[in-house]
Amino acid sequence: MLRNLDLVALRSFVTVAESGGVTRAAGLLNLTQSAVSMQIRRLEDSLALQLFCRSARRMSLSAEGEQLLTYARRMLELNDEALARLTADVYEGELRIGVPHDIVYPQIPMILQRFAALYPRMRINLVSSFTTTLKAAFGRGELDFILTTEENVSEDGEVLAERELVWIGAPGGTAAQKRPLRLAFEERCRFRPLAIAALDRADIPWEMAFDGQSEHVMEATAAADLAVTVRIDGVLPHGCALVPSEANLPDLGWTQICLYRAGGGNKEIRDALAQAFRQAYGGQGLREPLRLHVAE
């Protein structure tokens, strides 16, 4: 049958061992001498061991006591660390984060999982929508952080990276060779007017294969080789691939991945989250593993 060590008794044990006696330990723990002595005796009885060699002048650890001391210190450190993380007011609150659908994976799950482990009392709400929708919500104060994909960042934004826009379709598909070229775009997608303008400049006839409000349906249409669409290079939906250069589709240029951050809240926590976004989408690239640094 498994037994549990009494953390209160362990704290008294460690304090007596480090201070050299019950009297000093009692003062440090703000307990009576009899209470400390009782906790030590209870711990010894539970283990059926003598933890101290008692003399008139000083209590010294027995061999078993020295062995227990190492474990006791580690257990108390973990206990105190857990309580500090879970009960400190600095870790309470809420963060509302908005991210466009096409750059959620794989970075956002990694960031938020690590962040939730560091700040378990911080409630995180994630919204996925289009850049225009996210910026409008941010302007109304409904979101604390947003990531965007746009050609020109606003004054209150920060450019994390520039990425090339690419044509995508089914692996080995033929939709890119057909004319008119069939397109799959959600009606609010920022890449839709860019693609249409590029095709018009190249005199390539086109038509919409699907026109609705579901990004997943757009991606499924492209993966089924019924149409092509546009994504950021390096972030391809499942079942899709780059359209080969032999299709002679026009260049689409570049887009910026930008970060917007509202004021207020705990500065340390918000600085840490902003730095995590920079690492994931900026200098380390979209495919690099996340390294989240938080000030201790």
If you check L112, L95, which single one turns out to be farther than 30 Å from L249 by Cβ and part of a helix (DSSP H, G or I)? L112
When residues of the range 214-271 are filtered for being touching a Phe, Trp or Tyr at 6+ places or on another chain (Cβ under 9 Å), open to solvent by less than 10 Å² (accessible area, probe 1.4 Å) and closer than 17 Å to V99 by Cβ, how many remain? 6
Filter pass, P120 being open to solvent by less than 70 Å² (accessible area, probe 1.4 Å) and modelled with pLDDT under 90: yes
Answer with yes or no whether G172 is under 30 Å from I269 (Cβ atoms) and surrounded by fewer than 15 Cβ atoms within 10 Å (Cβ to Cβ). no
Quick test for you: out of V153, V127, V159, V166, pick the one residue that is under 29 Å from L249 (Cα atoms), open to solvent by 60 Å² or more (accessible area, probe 1.4 Å) and of a type in the set (A, V, I, L, M). V159
Determine, yes or no, whether Q177 is surrounded by fewer than 16 Cβ atoms within 10 Å (Cβ to Cβ), out of contact with any Asp or Glu (no Cβ under 6 Å at 6 or more places or on another chain) and closer than 21 Å to R96 by Cα. no
Test: residue in the range 198-207 that is assigned by the TED database to the domain that holds A247, modelled with pLDDT under 95 and not β-branched (V, I, T): no
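Residue-wise test of (1) more than 19 Å from G173 (Cα to Cα); (2) among the hydrophobic types (A, V, I, L, M, F, W, C); (3) not in a strand (DSSP E or B).
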site	(1), (2), (3)
A197	yes, yes, yes
D200	yes, no, yes
I204	no, yes, yes
M208	no, yes, no
M218	no, yes, yes
T221	no, no, yes
L226	no, yes, yes
T229	no, no, no
P237	no, no, yes
Would you point out the residue of the range 15-69, among those that are open to solvent by 100 Å² or more (accessible area, probe 1.4 Å) and under 46 Å from the mean Cα position of the chain (by Cα), that is nearest to N4 (Cα to Cα)? R42
R182 vs. criteria open to solvent by 10 Å² or more (accessible area, probe 1.4 Å), under 18 Å from A220 (Cβ atoms) and in contact with a Ser or Thr (Cβ under 9 Å, 6 or more places away or on another chain): yes
Residues that are touching a Pro at 6+ places or on another chain (Cβ under 7 Å) and in contact (Cβ under 8 Å) with a residue 24 or more places away in the chain: which helices (runs of 4 or more DSSP H) entirely in the range 1-61 hold 3 or more of them? none
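For (1) of a type outside the set (G, A, S); (2) modelled with pLDDT under 90; (3) on the phi < 0 side of the Ramachandran plot, each residue gets a yes or a no:
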position	(1), (2), (3)
L5	yes, no, yes
V8	yes, no, yes
V16	yes, no, yes
T23	yes, yes, yes
G27	no, yes, yes
Q39	yes, no, yes
S60	no, yes, yes
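The values are calculated or read from the model by the stated rules, or taken from the named source; none is laboratory data. Predicted, not measured: the structure shown is a model, and the values here were computed from it. Every residue, glycine as well, gets a Cβ built from its backbone with ideal geometry; the counts of neighbours run over all protein chains shown. All accessible areas refer to the heavy atoms of the entire protein, side chains included, with ligands and DNA or RNA removed. Shrake-Rupley method; radii C 1.70, N 1.55, O 1.52, S 1.80 Å.
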